[in-house]
Every structure is written in C-alpha cells, then in structure tokens.
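The next block holds one structure in the form of structure tokens; read it before the comments.
Each value in this text was obtained by applying a stated rule to the coordinates, not by laboratory testing. Everything numeric in this text was worked out from a predicted model, so none of it was measured.
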Amino acid sequence: MATPRKAYPSDVSDEEWAFCTPYLTLMKEESPQRKHALREIFDALRWLMRAGCPWRMMPNDLPPWPAVQQQTQRWLRAGCFTAMAEDLRLLLRMGNQREGVPSAAILDSRTLQSTPESGARAGFDGHKKRKGSKVHAAVDTLGHLLALKVTPANEQDRAQVADLSKALQEVTGQNIQVAFVDQGYTGEKPAHDAAQAGICLEVVKHHEAKHGFVLLPRRWVVETILRLGRALPAAGP
C-alpha cells in the first residue's frame with residue numbers, strides 16, 4: 001500500500017471536493033481504466049496552476065504529468081470547468097444578495113511570461129517590457145470570471161473588446177449593460193465594438209480610481225483566474 005503523500009497548500013478540501021466531484025466525474029470511480037484517483041489528478045492540476053510551471057516539472061509524488069494533462073483535456077472538452085464556474089458564480093452572487101446573472105462587467109488583462117512550450121505564439125508587450133502571452137478577462141463586479149481570451153502579448157487590449165463583449169452576452173443571455181475598463185480601452189473603436197453587443201463601455205480614469213473608486217473589489221480573485229494562462233495554455237511537454 002502506497003504511503004500517503006504530504007499535502008500541498010493547493011490541495012482541494014473535503015468540502016471543495018464534494019462540490020467539484022459531480023462536474024469532474026466523466027466515468028465511474030470503479031472503472032477499470034482508472035489508474036489514479038480522480039481527486040489526486042485534480043489536486044495535481046491545482047498544484048500546476050498555482051506553481052505556473054511546465055508539465056514535466058510536476059513533483060514525483062503527484063500522478064504522472066501525462067495522466068494529468070490527458071485528464072485535463074478531457075475535462076476541457078466536456079466543458080466541466082465552464083459548468084462549474086457558471087454554477088459557482090451563481091451561488092456566490094446569490095450569497096452576496098445579488099442577482100444571479102450580472103448586468104455589469106469589468107474588462108482587464110495581464111501579460112504572462114512565455115515558456116519554451118508557448119514561445120512560438122508569444123509576443124512582446126512594450127508597456128510591460130515582457131515577452132509572452134496576454135490573458136484578457138471579463139469578470140463581474142465581484143471578480144467572478146465571465147469570459148476569457150488569450151493572445152500574444154503585443155495585442156492591444158482595446159482590440160479584444162468585440163470578442164469579449166460577444167462572449168459576455170452569450171454567457172449572460174444578453175444581460176450585460178455596462179462594462180468598466182481602464183484607460184487602455186479608450187477610443188471610438190472599442191466603444192463602438194461594445195455598443196454593437198449592446199454594452200456601454202465606461203472608462204474609469206486613474207485619478208477617479210485612486211480617490212476611492214474600486215475598479216476590482218476582489219482583485220485577488222481576478223489574478224487567480226488569470227493564472228490559468230500560466231498553466232493550461234502550455235499544453236506541450
């Protein structure tokens with residue numbers, strides 16, 4: 001019998017696992033094809049996301065990286081994470097006395113350093129002085145993910161408004177009325193692109209945010225979501 005490994009801070013709790021299990025179980029636990037416990041696979045994926053390292057650098061006390069990568073791709077193809085995020089967002093919003101479907105959103109981006117696996121699709125972000133990919137995220141005003149797009153780092157934030165606006169309305173059933181953005185989204189083109197989807201683009205100036213306007217009330221949630229770009233896009237070895 002294998003000796004239980006020491007827990008990592010990224011390991012899922014019993015309460016969290018009870019919530020996640022129905023979304024992640026694509027076949028029966030006793031299926032003969034299963035070589036590694038589903039919870040161990042999920043914990044390994046969480047570790048990878050938290051560490052932001054290549055698949056091959058996964059610790060030896062976790063399941064082999066090919067098994068984790070293959071199962072992750074199955075979950076992605078089945079839409080498991082999307083369904084989980086949508087239901088969790090609904091529960092959290094209702095728990096905060098909000099409507100289940102948001103009517104306002106926030107658009108933001110983050111540039112991530114490229115890895116050897118993702119280097120071929122990387123770009124150079126002149127403002128951040130960094131080569132890599134840029135993760136463009138749309139969240140509700142509580143910081144819960146609504147839409148996501150990954151581009152080379154040299155792509156402008158304002159150029160992604162059309163795609164993010166379309167995705168926002170698809171996710172929320174055409175319920176988004178306003179999207180708050182920083183000055184990187186200033187211009188007639190992004191405003192027009194948002195209006196085409198029925199969204200008013202509201203640019204929040206730096207001095208307004210500095211004097212009390214909190215653009216991202218739970219920035220730690222947004223940054224945790226954006227870490228997906230440090231693990232999942234690096235699908236190669």
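Structure above, values below:
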read-out: Phi-based couplings in Hz for segment 142-153 (Karplus 6.51, -1.76, 1.60; Gly and Pro marked x); value: 9, x, 8, 4, 10, 8, 8, 9, 10, 9, x, 5
read-out: Estimated vicinal HN-Hα couplings, Hz - segment 95-106 in sequence order (Karplus 6.51, -1.76, 1.60; Gly, Pro = x); value: x, 9, 6, 10, 5, x, 9, x, 10, 10, 9, 10
read-out: In order through segment 81-91: 3J(HN,Hα) via Karplus (6.51 cos²θ - 1.76 cosθ + 1.60), integer Hz, x for Gly, Pro; value: 5, 5, 5, 5, 5, 5, 5, 5, 4, 4, 5
